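*Asks:* Take a look at the following structure, please.
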Amino acid sequence: MKIGLVVHGPEIVDSGYALKFLKFLERYGTVKARLGGTMGRTAVIDANLEDKIDISHKLFPSQSVDKFSEEGSDVIFLINYGKSSVTGHAFGYKVYNNSTSHPPIIQMERPGEPDGSVVPWRDDLTPLAAEIATEMGLRLVSPEEIRNTLFSQDPCQGTSQTICRKIAGVSPGENIFVNGIVIGKSTSSEVAIMAEEGIITQIIGGTLKKHGVEKLGPVELEKAIVKTGLLRKSRVKPRILKSEKSNTHFTIAYLSHAAEDIYKLKNADLVVTVGDDTTLVAADILYRFNVPIIGITDGDLDKVVEEGFKTEGSLIIEFESGWDDLVGEKIFLELFHRQESIEIENIENFKSKLLQIISNITSQYQVRYS
């Protein structure tokens, strides 16, 4: 049997179940694994599993499923470790419905928990799913049971807005991410996001972060990637990868959006990041590649990872609220000449020029060194 395995999220890797399940499936046939999503990449690197789980492409989970379908997989396993069975099952429902043509998906959800489950998203897969559930000591859950749970209470009912999307399994006080940007915080367990003409206008059961909505811009809410809570909860020892870099010239990159592919910057010598969340996530990822950052922040930090790391030589420059985007735009214009990356000969000279630009704008800032 030709088996495709879509690994989603850092927790399934950090818990050790991604590797365990990959080895378990090898008794059923030939297994090929690839990542679906982005945050799991760092976990795969830390676990030294790049040779077993393909992380070479940035793909949504449904895109990874579609790719396995195109390659002729007989069955596709989607493995995930959501923060609750509700969020995990809602995720599986979305992946199945976002895939192009009712693919043969079996989901394994929260395997290390009492409510761990196996879900056959097509009826013809139920016998195989039941066998695996028994072998793994997990509960068999039907798609019908999940649909009934997801739609039993719908905060979108009775609303007149153009688009309303319910978010399942939320706890009060959690960050709400849309395409990697924090757009608000939950105040209830019943949460829905409202959008008009592509712009998010309201969070039912939550508070809206206007600055985050501005950064996000227009979005197709029905297809957007929505997450809540921490992007990575596990406390791990990061794995530092060796890199070959030139000693004669240096590549400096500019990053202003946390949802962009930060991994493409792994060969840079320095990255300038704009925004608190962007700086936190980029610094944590780039730490694995020994890339320092200069973070332009304003203290408006939403805790998006449990523990963030920064490469030695990084600078965090903190301004008064609302100044980070203004300063970042000035740096992008005057130092980068609106290019995403530049080549320089001296990093210390670059830092001096950057700090001079900042000093010309305002004296109200603090520099923190790592």
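The values are calculated or read from the model by the stated rules, or taken from the named source; none is laboratory data. Keep in mind that what you see is a predicted model, and the values were worked out from it rather than measured. Virtual Cβ from ideal backbone geometry, glycine too; neighbours counted across all protein chains shown. We work out accessible area using only protein heavy atoms, side chains counted, and drop any ligands, DNA or RNA first. Shrake-Rupley method; radii C 1.70, N 1.55, O 1.52, S 1.80 Å.
*Asks:* Which number in (1) under 22 Å from L286 (Cα atoms); (2) out of contact with any Asp or Glu (no Cβ under 8 Å at 6 or more places or on another chain); (3) surrounded by 16 or more Cβ atoms within 10 Å (Cβ to Cβ) marks the one condition that V213 misses?
*Replies:* So V213 meets the others, but not (1).
*Asks:* Tell me, which residue of the stretch 9-41 that is in contact with a Phe, Trp or Tyr (Cβ under 9 Å, 6 or more places away or on another chain) and of a type in the set (S, T, N, Q) is nearest to N290 (Cα to Cα)?
*Replies:* T38
*Asks:* Would you mind stating whether K83 is within 21 Å of G169 (Cβ to Cβ), of a type outside the set (F, W, Y), assigned to a loop (DSSP other than H, G, I, E, B) and open to solvent by 20 Å² or more (accessible area, probe 1.4 Å)? Before you say what the answer is, go through the steps one by one.
*Replies:* On the way: within 21 Å of G169 (Cβ to Cβ): yes; of a type outside the set (F, W, Y): yes; assigned to a loop (DSSP other than H, G, I, E, B): yes; open to solvent by 20 Å² or more (accessible area, probe 1.4 Å): yes.
Yes, satisfied.
*Asks:* Here's something else I'd like to know. Looking only at the stretch 127-140, filter to residues that are assigned to a helix (DSSP H, G or I), touching a residue at least 12 places away in the same chain (Cβ under 8 Å) and open to solvent by 50 Å² or more (accessible area, probe 1.4 Å); which one of those is nearest to S85 (Cα to Cα)?
*Replies:* Among those residues, the one meeting the criterion is M136.
*Asks:* Filter the stretch 96-117 down to residues that are aliphatic (A, V, I, L, M) and under 17 Å from K23 (Cα atoms) and give me whichever is surrounded by the most Cβ atoms within 10 Å (Cβ to Cβ).
*Replies:* M108
*Asks:* Please identify the pairs in which a residue from the stretch 33-57 that is within 16 Å of G16 (Cβ to Cβ) and in a loop (DSSP other than H, G, I, E, B) has its Cβ atom under 9 Å from the Cβ atom of a residue that is open to solvent by 10 Å² or more (accessible area, probe 1.4 Å) and basic (K, R), counting only partners at least 6 apart or on another chain.
*Replies:* A47/R239; N48/R239
*Asks:* Please determine, by comparing only the residues of the stretch 243-260 that are over 30 Å from K215 (Cβ atoms) and modelled with pLDDT under 80, which one is surrounded by the most Cβ atoms within 10 Å (Cβ to Cβ). Show your work before the answer.
*Replies:* Here is the first cut: in the stretch 243-260, the ones over 30 Å from K215 (Cβ atoms) are 244-249.
Right, trim to modelled with pLDDT under 80 and you get 244-248.
Numbers: E244: 5, K245: 13, S246: 10, N247: 5, T248: 5.
Residue satisfying both the conditions and the ranking: K245.
*Asks:* What is the number of the single condition among (1) touching a Phe, Trp or Tyr at 6+ places or on another chain (Cβ under 6 Å); (2) more than 30 Å from L241 (Cα to Cα); (3) part of a loop (DSSP other than H, G, I, E, B) that I76 does not meet?
*Replies:* That leaves (3) as the condition not met.
*Asks:* OK, next. In the stretch 2-14, what residues are modelled with pLDDT under 95 and either part of a loop (DSSP other than H, G, I, E, B) or farther than 12 Å from A43 by Cα (or both)?
*Replies:* G9
*Asks:* Would you please list the contacts, defined by Cβ atoms under 6 Å and residues six or more apart or on different chains, that run from a residue in the stretch 58-72 that is open to solvent by 40 Å² or more (accessible area, probe 1.4 Å) to a residue that is small (G, A, S) and in a loop (DSSP other than H, G, I, E, B)?
*Replies:* none
*Asks:* Looking only at the stretch 6-51, which residues are surrounded by fewer than 23 Cβ atoms within 10 Å (Cβ to Cβ) and in contact with a Ser or Thr (Cβ under 6 Å, 6 or more places away or on another chain)?
*Replies:* Those that are surrounded by fewer than 23 Cβ atoms within 10 Å (Cβ to Cβ) and in contact with a Ser or Thr (Cβ under 6 Å, 6 or more places away or on another chain): D14, R34.
*Asks:* Filter the stretch 180-235 down to residues that are within 25 Å of L255 (Cα to Cα) and not in a strand (DSSP E or B), then give me how many there are. Working first, answer last.
*Replies:* So the first thing to find is which residues in the stretch 180-235 are within 25 Å of L255 (Cα to Cα), and the list is 180-185, 198-200, 208-221, 223-233.
Now restrict to residues that are not in a strand (DSSP E or B): 180, 198, 209-221, 223-225, 229-231, 233.
Total satisfying the criteria: 22.
*Asks:* Looking only at the stretch 70-92, count every residue that is aromatic (F, W, Y) and over 16 Å from L22 (Cβ atoms) and tell me the total.
*Replies:* The total comes to 1.
*Asks:* Only one residue in G173, G198 is among the small types (G, A, S), over 20 Å from the mean Cα position of the chain (by Cα) and surrounded by fewer than 21 Cβ atoms within 10 Å (Cβ to Cβ), so which one is that? Even if it seems obvious, please write down each step before you answer.
*Replies:* Details: G173 fails: over 20 Å from the mean Cα position of the chain (by Cα).
It is G198.
*Asks:* Within the stretch 270-289, is even one residue over 24 Å from I181 (Cα atoms), at pLDDT 95 or above and open to solvent by less than 40 Å² (accessible area, probe 1.4 Å)? Break it down into steps so the answer makes sense when it comes.
*Replies:* First pass over the stretch 270-289, keeping only residues over 24 Å from I181 (Cα atoms): none.
No, the stretch 270-289 has no match at all.
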